[in-house]
Amino acid sequence: MDNRRSRMSGWISISKLLAKKRGKPTEFGGLIDISGSGARLYVTSKLPIGSILPLIIQNQKGVPQSVPLKIVWAKKDEMGNVETFDARIRLMQELIRNDVKVEGVAYGYLYGGSFQPEASVEGIRLIERYLNEQRTFGHETYSPMEVPDVSMNVRSFRGPDL
């Protein structure tokens, strides 16, 4: 894969990419972006550095494409971390969709991983295509939020203009 490609971001559920045990997701979180050499993930559990995630994505014909990702760095999310805000919101949406009860805000772990040499090029392209589709209106993975303008009217605190 060409390492000069730009980074694409979005959300692909990890529970859809990882093998399931007894029909239930074994992990919650998502692949949040991809670059030429790897990807970033945001998941609920702590993973050891060096571990291999056996990610699998199916092509349009239903043929599984193996895209193993080796964890090379990790960062625990915490209150006030704006870098992971979007991923944290998406994680909470996924937990709600899967009827997982959480009190307060759910925090996860941000991971960086590198694709292994045996990763399917077609699988990586499928991930890129899926993330690219999320950029088009109507295909977003979550509802866009509009933030009202709550900036202060400074004039009202100065008194009348003289």
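No lab work stands behind these numbers, since they all come straight from the coordinates. The structure displayed is predicted, hence computed values, not measured ones. Virtual Cβ from ideal backbone geometry, glycine too; neighbours counted across all protein chains shown.
Between the listed residues 114, 32, 66, the Cα displaced farthest toward the positive end of the dipole of segment 8-135, a dipole computed from Cβ unit charges relative to the Cα centre, is found at 66. About its Cα centre, the dipole of segment 8-135 is roughly 380 debye, where the only charges are +1 on Lys and Arg Cβ and -1 on Asp and Glu Cβ. Placing a pseudo-label 7 Å from each Cα along the Cα-to-Cβ vector at residue 60 and residue 103 gives an inter-label distance of 4.9 nm.
Counted residue by residue at 0.36 nm each, then reduced by the alpha carbon distance between them, the extension gain from residue 81 to residue 132 reaches 15.8 nm.
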